[in-house]
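J.: Attaching a single structure in structure tokens format; questions to follow.
The values are calculated or read from the model by the stated rules, or taken from the named source; none is laboratory data. Computed from a predicted model, the values in this text were never measured in an experiment. So basically every Cβ, Gly included, is an ideal-geometry build from the backbone, and we count neighbours across all protein chains shown. For accessibility, only protein heavy atoms count, side chains too; no ligands or nucleic acids. Shrake-Rupley method; radii C 1.70, N 1.55, O 1.52, S 1.80 Å.
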Amino acid sequence: MKGEAKSRNLQIIYNQKIDDSLSNVLSYNNAKFEHVGLLHNSRDDSWGNFWNNRYKSTVINDTLTKIFGDTHVVTVGLEHIKSENLNPSTVRTSDYRSYETYQSLKNTSYFLQDEWMFDDKWKLTSGIRYDDPSGGLVELESNTAKSFNLGYNFTDDTNMYIAYNDYFVLPSMYQLYDTNYGNAKLLPEEGKNYEVGINHKIDDSSMINAHYFKRDSDRNIGFDVKEDTYVNDSEKAHGFDIQYEKYFDDSWHGLLSWSRLSYTNKKGTTDYGYLPKNMVTVGVDYTKDKWNIGLDGKGFIGRDGNKVESKGWPSDNYWVFNLGLNYKPEDNLKVFAKVNNLFNQEYAEQTNAIWWGSKPGDWYGMPGRNFVVGMEYEF
């Protein structure tokens, strides 16, 4: 394989404070991405296009925020997106003729959100968003999404919330037009997400948080192994997470968290082992005078089997630890050093071993133990 990937991004943001209660943010983003690769064919010693993706996108967003006393914060805005495939697509007519054209996907959306503080204990954040997409090879319908988040403070130390959100996600240019796996007839993702959470301050030095979510997708975008392309499907997921944070004294601080996830889609293909059933995160850091040192670790415990044998990944259970050190001899000078993957754990976040025509070991290994040293100076 030989080739290249190039990307550029231009972003301009204008923040305007009109008065103490009214502000506006106008942003413009223009991006271009090119990924071209040639695959060597050992049978006839020839080369052929394998990656040939060229995309361009333009996003314009304007958001106006108004504060009404101590009770309401209202946000209103609009966003326009245009994504273009810079490679021509072949379109066939009903009389079996064909022609080449450049496909694009557009979306104009309008949104409104209100944060309503009833009193010192209650807060309701509600919103609505209207999307009107167009372009591509299929007719796209408009969508109206709603969101609600109700929070309640039991005391100064304990609060909880319940939330409901619709979601609407357009397919990416890669999912639509990738030269190998793209499906130009994909429809946007649509679904509903439910969530509840509680936060509790145990004492002046420790706190605990817990959250649960449930997501139902009326239509999602997934990868079909048999068809070797992206397809529309439906999915369900639910899970929870718990975090505990502790300040032992003025210098020592620790963090421990656990999250659990269950995921299935209509075809029962789950996630092919890409998502952990359990993830444990630990961290401890020490800060004293000009020194700061921290150790963090992440444990990936159990893949959702889905008949995926362990040979599809380097490991089904593993830990990755990182160690970092900072030293500030002066307020505007910092010297730092970091050891990533401290114990040189072999692991992968992407794999090819579970797909047709591949073999054990065809995964994309993450970096082993590596070191970073540097210095930051503020003028």
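J.: Since F168 meets every condition but one in (1) modelled with pLDDT of 90 or more; (2) over 30 Å from E84 (Cβ atoms), which condition does it not meet?
T.: (2)
J.: Sticking with this one: Consider L124 carefully, then state whether it is farther than 21 Å from L64 by Cβ, within 27 Å of the chain's Cα centre (by Cα) and either open to solvent by 80 Å² or more (accessible area, probe 1.4 Å) or free of Cβ contacts under 8 Å to residues at least 40 places away in the same chain (or both).
T.: No, not satisfied.
J.: Could you list, in sequence order, all residues of the stretch 156-176 that are more than 30 Å from N209 (Cβ to Cβ) and among the small types (G, A, S)?
T.: Correct list: S172 only.
J.: Identify the single condition in (1) polar (S, T, N, Q); (2) at pLDDT 90 or above; (3) open to solvent by 100 Å² or more (accessible area, probe 1.4 Å) that Q16 does not satisfy, given that it satisfies every other one.
T.: Q16 satisfies every listed condition except (3).
J.: Can I ask one more? Of all residues being at pLDDT 95 or above and open to solvent by 70 Å² or more (accessible area, probe 1.4 Å) in the stretch 129-143, which is nearest to the chain's Cα centre (by Cα)? Just the residue, please.
T.: R129
J.: From the set of residues in the stretch 228-259 that are among the polar types (S, T, N, Q) and over 20 Å from the mean Cα position of the chain (by Cα), which is most open to solvent (accessible area, probe 1.4 Å)?
T.: Q243
J.: Then there's this: Of everything in the stretch 186-227, what is open to solvent by less than 30 Å² (accessible area, probe 1.4 Å) and among the charged types (D, E, K, R)? Give them in sequence order.
T.: D224
J.: Can I ask one more? Evaluate the stretch 271-283: report whether one residue or more is free of Cβ contacts under 8 Å to residues at least 24 places away in the same chain, buried (at least 17 other Cβ atoms within 10 Å of the Cβ) and among the aliphatic types (A, V, I, L, M).
T.: Yes, the stretch 271-283 has at least one match.
J.: Which residue pairs have Cβ atoms under 6 Å apart, sit 6 or more places apart or on different chains, and have a first residue in the stretch 54-73 that is in contact (Cβ under 8 Å) with a residue 60 or more places away in the chain and a second that is assigned to a strand (DSSP E or B) and open to solvent by 50 Å² or more (accessible area, probe 1.4 Å)?
T.: Y55/F33
J.: Can I ask one more? Does any residue of the stretch 90-110 turn out to be in contact with a strand residue (DSSP E or B) (Cβ under 6 Å, 6 or more places away or on another chain), closer than 24 Å to D218 by Cα and open to solvent by 70 Å² or more (accessible area, probe 1.4 Å)?
T.: yes
J.: Something else: Could you please find all residues in the stretch 345-363 being out of contact with any Phe, Trp or Tyr (no Cβ under 9 Å at 6 or more places or on another chain) and exposed (fewer than 11 other Cβ atoms within 10 Å of the Cβ)?
T.: W356, G357, K359
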